[in-house]
Amino acid sequence: MKSGGGGGGGGHGDGGDIYNVQAAEILAKEALLLPINEAAPIYDKLLATFPTAAKYWKQYVEAYMATNNDEATKQIFSRCLLNCLHISLWRCYINFIRRINDRRGSEGLDETKKAFDFMLNYVGNDAASGPVWMEYITFLKSMPAVTPQEESHRMTTVRKVYQKAILVPTNHVEQLWKDYENFENSVSRTLAKGLLSEYQPKFNSAKAVYRERKKYIDDIDWNVLAIPPTGSYKEEQQSMAWKRLLAFEKGNPQRIDVTTANRRVTFTYEQCLMYLYHHPDLWYDYAMWHAKNGSMDSAAKIFQRALKAIPDSEVLKYAFAEMEESRGAIQFIRFLRRTEGIEAARKYFLDARKSPNCTYHVYVAYATMAFCLDKDAKVAQSVFEAGLKRFMQEPGYILEYVDFLCRLNDDRNVRALFERALSLLPPEKSIEVWKRFVQFEQTYGDLSSMLKVEQRRKEALSRTSEDVLSASENTLHDIVSRYSFMDLWPCSSKELDYLVRQEWLAKNTVKVDRSATLNTGSMLDKGTVGISASARSLPRSGKVVRPETSQMVIYDPRQMKGPEFSAATSGYTKEVEDMLKMLSPSTTSFIKNLPAIEGPSPDIDVLLSVLLQSTLPVAQNAGKAGGASELSGVSKSGLDQNGSVHRPPRERRKDARRHGVQEEEDAATVQSQAAVPRDIFRLRQIQRRRGLGVGGAAAASQSGSSAFSFSGGGSAFSGDHSASTD
C-alpha cells in the first residue's frame, strides 16, 4: 500500500512520521507472527495512531479469541465497536457472542438475540449488512418453541425482522424478499397475499435505491487508513466520494420516515469519519447537520469528538465556541428571567445580539420567552422583525417567525412574510419555505389560492434537482398533499407506496434525459457526433472543480537548476545510486540537466510498465537513419546562454539562378532522405553542382556519412541551414 503520511524512511515508532502507512502495515504483519502477549503492545501502539482502523481491531481481537481469553476479548470489543461501524468487525463480534453463549441454554439464546438487536441497531443500515439480517432470521427460526403461544411469538418476531430487512437497501435485499415470500406462504397463504401486496412496493423501492446507492459506494476505498490530510489526488477523490454519498442519503431517496432517514445519515457520517478522521470539514458538517435538525446537544458532542480527534484545529475550536456562545446566551437569558426578572433578561439580550457570533436562535428564544412567559406579543413581534433584517437568508428563522404569526391568527402578515422571504431567498434555500407556504394555503386558504401557490412553487423550483415534478402538470401527489391531515391520508398505504415509487422513477428518468440531452448537445456543438454514444455512458460529475491558477508560474526549465546526483545530497536510496552508476555517461549527463520539478511525482512503477508495454517505432535502415538524424538543424545547432536554439546567419545568395536550382535540389533530397546515395561519383556530382571545392568533396568522402559541413549554404538532406560540426 502506498504511504499516505510520509516517506518510507520514517518508522512508526522511531521518531519518524507516526502516520506512515507502510510502516504500520509492516508492524501489523509482524504482530500476526507473535504470541498475543508480545503482540499486544504493538497493536496498542498502532491503534493509538489509527483508532478507527477496523482491520487492526479485528486482527487484535481475533488474536485474543484464538487463545480463548474471553475477558480480554470483551474489553477490546468495548473499546472499538462504537467507533468502527465496519460490518466485518461486527460480524466477528456476533460470532464471539454466539460462541460464548452456545451452551448456556435459554439464557444464552436471549443474550445472543440482544446482541443481534444491538448489532443491527448500529450497522443494520450498511449496504453489506444483508448476510447479517439473514443470519439473524435463521437464528430466530432455530429458537425452540414448546407451546403454541411461543410458536406464535416466534413467527411474529421473524415476520417483524423480515419486514425491517426488506426495507434496507442492502446487497441481499432480493434474496431476503424471496425468503420472506416463502415464509409468509408457509405460515398462511391467505394472510400472505395481503402482507406481500402491502410490502411489495416498499421492497421495490429499497431495491431501486440500493442500485443507486451502490454507484456511490463503489467509488469508496474501504481499506485506507485515517491519516491527516496530505492533499493527494486519491485523498481528494475519496473525500468527494464520501460527500456524494452523504448528499445522496440526506436526500432521502427512499422517502422513508424522518427518524429512519436521519439514522441512515448518522450512520453514513460515522462510517465516513472512520476514514476521514482527521478532516475538520467533515466533523463540522456533521455537527452542523445535527444543529440544523434541532439537536444542539448532539452537535456539541460531535464537536467534542472532533477536538479529541484533531486537538490542534483552531477553526473547529472557534466553530464550537460560536455555537456554545449562542447556547450559553440563551440559557443565561432564561436564568436572568427566572432570578432577576424581565428587565435584566432584556438588557442581556440587547447586549448579546450585538455579538458577531450571535445566531438567530437567540432572537427566537427571547421572542418566544416574551410571548409565552411575559404575555407580550408586541415585544415578541418586534424582536422577530429586528432579527429579520439580519437573518432573512435563514430559512429556519423565517419558519419560526411564521409559526409565531400563526399563533396570533395573523394570516395576512403570514402571507406577507412568505412573499418577502421568497423574493430574496435563492431557489436552493427556499425549498422548505415553499413547502410551508403550500401547507399554510392548504390549511387556511381557499382552493384558488392553494392552486396558485402550488403552481408558483413548481415554477420557482423548476431549476433545482430537489423538485422533480416542478416542470410537470398537477399530479396525484398534489391531491394527497391537499387532503391529508396528521396521520390521515386520502388513499391506502399501497397507493401511497405506488406514488412514491412513481416519483422516484420520474426523478431518475428526468436526470438521465437531461444528461443525455446535455451530452449530445455539447458534442454536436463541437462536431463530435460520432462519439455521442460513448460519451453518454460516462459518469456525470456533480460539480466541476477548477484549479486555483492565480499563483501559477509559467514553466521554464531555465528558471530552476537540475537535481544534483551525489551520494551525499541526492537523497536517493543506495539501489538507485547503483543504477545511476550503470548508465552511460551521455544518459547520466542527460539526467543531470533535467529541470527540477516542484509538484507531484509520477508513479515510477506505472510509468515503467506503460513504457515496457508500448510498441515503439523501430527505424528501418538503422545506419541511414543515424545519418539523417545528424542532419537535423537542432542537433547541429548550439544553445545560447538563454537556452534558445542558436543558428548561424544565412549568407546572402547573389546568384538568383543558383538559388533556384538549390531549392529544387533541396526539395528533391528531402523526399529521398530515407535513401542517401553512397556512390562516391554521385556525391561528387552533387557537391560540384553546389559549388563545393575538391577539398569539401574529399572531406565528405572520407567521413563515410551523409552529414556535410558547409561554410555556407544548406544541407543537402535536411533542408535546414546547420552549423559546422568542426
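The values are calculated or read from the model by the stated rules, or taken from the named source; none is laboratory data. Values in this document were obtained by computation on a predicted structure and should not be read as measured data. With ideal geometry, Cβ positions are generated from the backbone for all residues, glycine too; neighbour counts draw on all protein chains shown. The accessibility values were calculated without ligands, DNA or RNA, using every heavy atom of the protein model including side chains. Shrake-Rupley method; radii C 1.70, N 1.55, O 1.52, S 1.80 Å.
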message: Give me the residue from segment 148-199 that is more than 18 Å from Ile256 (Cα to Cα) and in a loop (DSSP other than H, G, I, E, B) and, out of that set, modelled with the highest pLDDT.
response: His172
message: Against the conditions (1) of a type outside the set (Asp, Glu); (2) assigned to a helix (DSSP H, G or I); (3) open to solvent by less than 80 Å² (accessible area, probe 1.4 Å), where does Ala145 fall short? Just the number, please.
response: (2)
message: Condition check: more than 26 Å from Lys55 (Cα to Cα) and either open to solvent by 60 Å² or more (accessible area, probe 1.4 Å) or in a helix (DSSP H, G or I) (or both). Does Glu212 satisfy that?
response: yes
Check on Gly130, surrounded by fewer than 17 Cβ atoms within 10 Å (Cβ to Cβ) and either of a type in the set (Gly, Ala, Ser) or under 29 Å from the mean Cα position of the chain (by Cα) (or both): no
task: State whether one or more residues within segment 194-208 are closer than 28 Å to Cys92 by Cα and not polar (S, T, N, Q).
output: yes
Residue under evaluation Ile97, criteria (1) in contact with an Asp or Glu (Cβ under 8 Å, 6 or more places away or on another chain); (2) within 29 Å of Leu191 (Cβ to Cβ), criterion not met: (2)
Checklist (1) over 28 Å from Cys272 (Cα atoms); (2) crowded, with 20+ Cβ neighbours inside 10 Å applied to Arg103, failing item: (2)
Members of segment 76-91 found to be small (Gly, Ala, Ser) and closer than 14 Å to Ala53 by Cβ, listed by number: Ser88
Residues within segment 32-60 that are touching a residue at least 12 places away in the same chain (Cβ under 8 Å) and outside any helix (DSSP H, G or I), tallied: 4
- line: The one condition Glu428 fails out of (1) assigned to a loop (DSSP other than H, G, I, E, B); (2) modelled with pLDDT under 90 is (1)
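When you look at Glu249, is it free of Cβ contacts under 8 Å to residues at least 40 places away in the same chain and either part of a loop (DSSP other than H, G, I, E, B) or among the acidic types (Asp, Glu) (or both), yes or no?
Against the criterion (free of Cβ contacts under 8 Å to residues at least 40 places away in the same chain and either part of a loop (DSSP other than H, G, I, E, B) or among the acidic types (Asp, Glu) (or both)), Glu249 qualifies.
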- prompt: Just checking, which of Thr259, Thr368, Thr339 is modelled with pLDDT of 90 or more, out of contact with any helix residue (DSSP H, G or I) (no Cβ under 9 Å at 6 or more places or on another chain) and under 30 Å from Glu385 (Cβ atoms)?
  reply: Thr339
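Yes or no: Asn171 in contact (Cβ under 8 Å) with a residue 60 or more places away in the chain, within 37 Å of the chain's Cα centre (by Cα) and open to solvent by 40 Å² or more (accessible area, probe 1.4 Å)? Before the answer, list the steps.
Values: in contact (Cβ under 8 Å) with a residue 60 or more places away in the chain: no; within 37 Å of the chain's Cα centre (by Cα): yes; open to solvent by 40 Å² or more (accessible area, probe 1.4 Å): yes.
In short, no.
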statement: Per the list (1) closer than 27 Å to Val209 by Cα; (2) out of contact with any Leu (no Cβ under 6 Å at 6 or more places or on another chain); (3) open to solvent by less than 20 Å² (accessible area, probe 1.4 Å), residue check on Leu276 breaks on (2)
message: Quick check on Ser239: is it touching a residue at least 12 places away in the same chain (Cβ under 8 Å), touching a helix residue (DSSP H, G or I) at 6+ places or on another chain (Cβ under 7 Å) and either in a helix (DSSP H, G or I) or farther than 16 Å from Gly130 by Cβ (or both)?
response: no
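Right, Lys29: within 25 Å of Tyr277 (Cα to Cα), assigned to a helix (DSSP H, G or I) and either in contact with a strand residue (DSSP E or B) (Cβ under 9 Å, 6 or more places away or on another chain) or open to solvent by 80 Å² or more (accessible area, probe 1.4 Å) (or both) or not?
Criteria met by Lys29.
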statement: Given (1) open to solvent by 60 Å² or more (accessible area, probe 1.4 Å); (2) more than 21 Å from Asn293 (Cβ to Cβ); (3) over 34 Å from the mean Cα position of the chain (by Cα), Tyr366 misses just (1)
message: Taking the criterion of being among the aromatic types (Phe, Trp, Tyr) and closer than 23 Å to Thr138 by Cβ, would at least one residue in segment 54-68 satisfy it?
response: no
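Yes/no matrix, rows are residues, columns are (1) within 17 Å of the chain's Cα centre (by Cα); (2) among the polar types (S, T, N, Q):
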| residue | (1), (2) |
| --- | --- |
| Trp242 | yes, no |
| Glu249 | yes, no |
| Asn262 | no, yes |
| Phe267 | yes, no |
| Met296 | no, no |
